[in-house]
1. Give me, ordered by chain and number, the residues 5 or more places off B:VAL124 or on other chains with an amide H under 5 Å from its own placed amide H.
2. Per residue of segment B:252-258, in order, report the coupling 6.51 cos²θ - 1.76 cosθ + 1.60 (Karplus, θ = phi - 60°) as ³J(HN,Hα) in whole Hz, putting x for Gly and Pro.
3. Using Cα-Cα distances under 8 Å and only pairs 6 or more residues apart, what relative contact order does segment A:282-520 have, in percent?
4. How large is the charge dipole for segment B:131-266, taken about the Cα centre, if only the Cβ atoms of Lys, Arg (+1) and Asp, Glu (-1) carry charge, to the nearest 20 debye?
5. Tell me, what is the percent relative contact order of segment B:172-233, built from C-alpha pairs under 8 Å that lie six or more residues apart?
6. Give me the extension gain from A:ARG33 to A:ALA5: residue separation times 0.36 nm, minus the current Cα-Cα distance, reported in nm with one decimal.
7. Taking θ as phi - 60°, what are the ³J(HN,Hα) couplings along segment A:450-456 by the Karplus curve (6.51, -1.76, 1.60), each to the nearest whole Hz, with x for Gly and Pro?
8. Report, by chain and number, residues whose modeled amide H sits under 5 Å from the one on B:THR251, excluding near sequence neighbours (fewer than 5 apart, same chain).
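Throughout, read-outs are computed from the coordinates displayed, never taken from laboratory work. Keep in mind that this is a model prediction, so the values were computed, not measured. Here the Cβ is made from the backbone with ideal geometry for all residues, glycine too, and neighbour counts use every protein chain on show.
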Amino acid sequence: MNADAATAERIGLDWLRAAVAPAGAFGRLHDERRPPYGPGDEAAAHAEIAGVLALAARLDRDAVAALRAGLRAVPEPGPILVRARAGDPLDDADFYELTRLVDALDALARAWDAAGGPRGEAPPRLDALRDVLAPGRTPGGFYLADSFAPGLRAARAAFAAAEADVEARREAIAARVRDALGIDPAGDEFAVLRDAYGGEPPPGVNVLRETATYRVMTIVAPSAARDAAFATLAEEEERARRALAERVAALAPQIAAATSALGALDRRLARVAFALRWGGCVPAFDADALAFEDATFAPLAEALAAHGRRYTPLALELRGAAVLTGPNMGGKSAALATAGFLCACAALGVPPPARAAALPLPREIAWIGGEGREARASLLSSYAAEVVRARDVLAGASRDTLVLVDEFARTTGPREGRALLVALVEALAARGAHALVATHFDGVAAAAGVRALRIAGLRGRVLAPARDGDLDAALDAVNAAMDYRIVDEAGTPADSDALELARLLDLQDDVVRRASALFSS
Amino acid sequence: MVVGTAKNVGKTTAFNALRAVARRRGVAVAVTSIGRDGEPVDALDAEPKPRVRLAPGTIVALPAGLLPRSPALEILGTGAAGALGVTVFARAVLPTACEIAGPPTARAMRATIERLRTLAEGPVLVDGAIDRVAALAGGADAVILAAGAASGATPARVAAVAAGAVARLGLPGRDPARERGRVIRVDGALDARDAEALLAEARGATVVVADPTRVALRGALLAALCEAVDLRCERPLRVVACTTSPVGRETVLDPRALVRAVAAATRLPTFDVVADLAA
């Protein structure tokens, strides 16, 4: 499913992608590799959405949140595996990260069990990797343990003995310094004031620098045995790392499979979280129908909720093209967006937030109308931008296209604008596109020979205007009075309720009265 | 945290002396650095630098890129990433010498210090930098100021520089009981232009900055401002001592005279940890 940036914004696709973004790196990678479903993918989309809802029925929100937090905590072993497979040496910090990976998967599996997740779908574990790393596990982390190489224990013992010997010699020299010079050589270097001691440095002490007032000395305790022990130790430790890295490299396919499974789980849990928040259904996939009941345009619902308002779910049944009219503030644009949003949900394998739905999997969703911002960017007028947009959409329109047209040609003369819109609707219908066309022009559906729909509109005329510019109160009143249902338009075209809404929004009385008089005459 | 008045003033030497004392007393410490330390020569000016020798049991935070391969350390955790890789928290199992460095920001350094606190039984020692000392602001941690011949050609000059730094870092915290007049909060750095405005219009007021590192003033202007207003900070630092290094690149000062001068100017216990002097 393709949708350009403007359409993506209008139908809430950007919001949806963010809402179902996986928690961890594996999920993001997995998602990047999964294109949206399109025509021909109906069975796969159905299976994914059904699986999401089945899992959502078993898990609660807290459990899903905990599992997603667990996924976020899983470290990414990809770069380590690449280096291991290439035969590069690994660092101890790499082995530590692999222990974290094993632990994170174990924790995730435990959280899955605790949440009541189906056993057959449990997150992967890396038992073989755990066994490989086990000797290096310490209570706090990871240490390149003696058992990782046959000669490591002896090399460490020899190095520790050589170091102790050097340390003992250094301490003996330090004692001589304290006795002879009265100075406690705490660090590597120490300074001796000439007026305190002018003699030769004690055996084992070298002079590093001299000034007029003092000499900087250092204790020298060279040890060929220590250097040799260090070299042997370094060799044994590298041998241990190489051996361990080879065993990790051998497990790379298993680890890659586990991370791939984690990615799929991450994607799924993101969708489960969405379903638990917004509800949803398994849509019937029907290339010829776009229908839904009690559907929620979630981005708008969320925005309304942030302002303490409620979203009114919508229902629509559309085959081919239809024209939608109705009052201002009645939700025509929201209806268009809802249609696009539900199709986008299905294309992303997300349960559409509706009680029931029959949806196509469009190859493309395109929004026409309100190109003001793009027009400003391209120096076209709003009208010119709309026309260019319509031209481009028509060029690619087919049965696999969902076209959402929002008040096309409203910025030109109404007679010509209406004629152009009728022609556009006819062209879309002729191409077999799914098209929902919102307009205030009268008679477009009849002229184009498509279905006419309208928003039911204001229930009465008893609304008090907003006082002192209290828009919140005005919106509450509109909300209470507006019937947002989409119904078939029968008989005379519906009013736009523009004058009543202007009065409600506290436009000056004299203007509203004059407009009403003009309208009535 | 040990911070210096300039480069090559004995900061790492003082840091190592603290570690040596801790070791002698059997105190297991945790160490890290704000700059890059422990390398044989300074990465910037190729001056000789002391190595950081880790005794068994020492906890260290350093970038993965500086993790010594031998003797191996026990890896205890990882943290924020920087130019040299993620910060690795590790414990020395056998004696080893290494370079250490810390994360690049004060915020990440604060997190690193907090993590080290949870891992170590003893104190956390930081080879610090004066412009990153804000990582300690508001806590009970101690700051030690290293001063040396690299910052002045005479003991008096080194002492004056040290006293200025101590005055700045020792900026007192807020004391609501003493705030009688206006309280002016300066967001961000308090610079010469701010000082000029405050001297002209805010005499007698309490002026508050976030922490002492936000005061971008020194010398006479800072002294004049402190005289005119009650300069305070939200998150103070605790400067507890100074160290001295008489050897500069072009100057060698008298160690005793330097210790005495710095102690007198800063009114803090002052030590030359190399020459075993104190004042």
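1. Under 5 Å from the amide H of B:VAL124 lie the amide H atoms of B:ALA30, each far enough along the sequence or on another chain.
2. 10, 9, 6, x, 5, 4, 5
3. Details: 428 pairs, mean separation 56.5, N = 239.
Averaging sequence separation for qualifying contacts and normalising by length gives 24 percent for segment A:282-520.
4. Values: 18 positive and 15 negative charges, 46 e Å.
I would put it at about 220 debye.
5. With pairs under 8 Å counted, the relative contact order is 43 percent.
6. On the way: separation 28, 0.36 × 28 = 10.08 nm, distance 2.00 nm.
Stretched out fully, the A:ARG33 to A:ALA5 stretch lengthens by 8.1 nm.
7. With the stated coefficients, segment A:450-456 comes to 10, 5, 10, 10, 8, 6, 4 Hz.
8. Here nothing satisfies the definition.
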